[in-house]
1. Per 0.36 nm of contour for each residue apart, how much would the distance between Glu244 and Arg510 grow if the chain were fully extended, relative to their Cα-Cα spacing?
2. Per DSSP H run of n ≥ 4, the term is -39500 (n - 2.57); total these for the chain, divide by its residue number, and report the mean residue ellipticity at 222 nm rounded to 500 deg cm²/dmol.
3. Between Rg and the Kirkwood Rh of region 220-296, both from Cα atoms, what is the Rg to Rh ratio?
4. So what is the relative contact order of the chain, in percent, for Cα pairs below 8 Å that sit 6 or more residues apart?
5. For region 484-490, take each phi angle, set θ = phi - 60°, evaluate the Karplus expression 6.51 cos²θ - 1.76 cosθ + 1.60, and give the result in whole Hz per residue in order, putting x for glycine and proline.
6. Taking amide H positions as placed 1.01 Å from N in the peptide plane, with prolines and chain starts having none, which residues 5 or more places from Cys542, or on another chain, fall under 5 Å of its amide H?
7. Bin all alpha-carbon pair distances of the chain at 10 Å intervals from 0 and give each bin's fraction as a whole percent.
8. From the phi angles alone, apply the Karplus equation (6.51, -1.76, 1.60; θ = phi - 60°) to region 261-276 and give each ³J(HN,Hα) in whole Hz, x where the residue is Gly or Pro.
Amino acid sequence: MAPRAPRGRAAARDVLWGLLLLCFVPRISEFKAANALQPNILLIMADDLGIGDLGCYGNHTLRTPSIDQLAEEGVRLTQHLAAAPLCTPSRSSFLTGRHSFRSGKWHQGVNCESRNDHCHHPLNHGFDYFYGMPFTLVNDCQPGRPPEVDAMTRSRLWHYTQVAALGVLTVAVGKTCGFLSVSWKIVLGAASLVFLFFVSWYASFGFVRRWNCILMRNHDVIEQPMVLERTAGHMLREAVSYIERHKHRPFLLFVSLLHVHIPLVTTKQFLGKSQHGLYGDNVEEMDWLVGEILKALEVNGLKNTTFTYFTSDHGGHLEARDEHGQLGGWNGIFRGGKGMGGWEGGIRVPGIFRWPGVLPAGRVIHEPTSLMDVFPTVVQLGGGHVPQDRVIDGRSLVPLLQGTAEHSAHEFLFHYCGKYLHAARWHEKDSGRVWKVHYMTPRFHPKGTGACYGRGVCPCSGDGVTQHSPPLLFDLSRDPSEAWPLAPGSEPRYHAVVARVGEAVEQHRRTLSPVPPQFSLSNIIWKPWLQPCCGTFPLCACGQDGDPQ
């Protein structure tokens, strides 16, 4: 039987479980390929890892022996693409096999109407066991780090508070010295309003670590706030324990690593050991964690019966830096990074598959593939069928990985930033050429720097992007770095290629249906009554085993 799939409208609410560890145990069924029984399935996803950070993708200065060995023993994809350049939509697409903007509520937290309804919880969307973070890992989770959640908004609110408080203080001094003839009642009323204004925003922004940085096991909050120095070890033990408990029947285990997202909390064992500062240390610790999980498969005799996959949710975060230097990844020869629309550096990610005896070891595939392809691939391995009542953008990779298909099932791939189409890719299979058309690109700041420094990530629309008419055209088969845009004078087929991609875009848009806006004020505003809590709200605090701190 196939893994228990979300149904109807529930599937439309498949939320992105950024930075989670998700586990699911299906039952045994026949897999009509090289194996009589379905394999175990292990999916490992890093966060913000650049494709150029791994030895098997050309890095000679960072040590990633475990992932490199995985590539040697399996199949490595060189044109594996995230469905979006940001964590949330990319992971939503990975879990559902469809572009995130097709699926309504994909970033709405855990609850809908009450603190304990858990309508968006993984256990209500096809998984049988869950351990991890239900929210996004941010700098605020690590004491002493500069704030990240709405830092600019928080700064403005603090400025407004200070100005208002100074105004009230000035009036109070003027009243005391007899310069102003206002009543103390008005002064105290104004002071009360300033205080209420401060409390209203500080209750949310001032306690981000307590509200956002929590660990859950199934439906229970077990650590609030979480202690990041211990979290990676906890997640590793959970993953290994899960493998040991379920080694006698097929399982699906999704391990979504906290590495290598800022704040890059790294244990002492790896601090200062790499050639690339804190980020490099974190990458090398991540590789060790992956190695320990792979070792657990081998120790339990599961290596040859497990379909293992490793990837990243998108490219490295170029704007992540502090006074000591770069805190984001390296995207190799590819232009751009996290949050940068359709540029290759933000969406081209590692794609490594291993299944000894079934997938050819050491094979390298250059065909365009997508993270959305993993969903239908897993469904096929489980002996099931993808849902027929909705558009599925992904295609099973089984024929391509096994070598029974020469080309990817994708002729066109569409690259979005939020709900905005930034670029489209055409794989012209007869000629082997891969064309890329950019309709809009982010405006780098400062100009010419290749990133949006000072903004966190590049915007998807508005004044932060440049609209291209006619669009930019690149031949990725000859210019993978997107360094040389083509023109009618340099490419005789320029107009024909742009027109053909345009037709595909129009056909693609006819498959879209409107969904509620994801980041409307009503969706993103903090709702205290929905806040997961260990203990009595607002006194939420507990240690790893649920004991009050």
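The values are calculated or read from the model by the stated rules, or taken from the named source; none is laboratory data. Since we're looking at a predicted model, the values are computed, not measured. Methodologically, a virtual Cβ is constructed for each residue, glycine included, from the backbone with ideal geometry; neighbour enumeration extends over all protein chains shown. Just so you know, the surface numbers come from the protein's heavy atoms only, side chains and all, with ligands and any DNA or RNA stripped out. Shrake-Rupley method; radii C 1.70, N 1.55, O 1.52, S 1.80 Å.
1. Here the answer is 91.0 nm.
2. Roughly -8500 deg cm²/dmol at 222 nm, from the helical runs in the chain.
3. 1.01
4. Computed value for the chain: 24 percent relative contact order.
5. These are the phi-based 3J(HN,Hα) values: 10, x, 8, 9, x, x, 9 Hz.
6. Gln224, Gln549
7. With a bin width of 10 Å, the distribution comes to 3, 17, 28, 26, 15, 6, 3, 1, 0, 0.
8. With coefficients 6.51, -1.76 and 1.60, one gets 7, 4, x, 6, 5, 10, 6, 4, 4, 10, 5, x, 9, 9, 8, 10 Hz.
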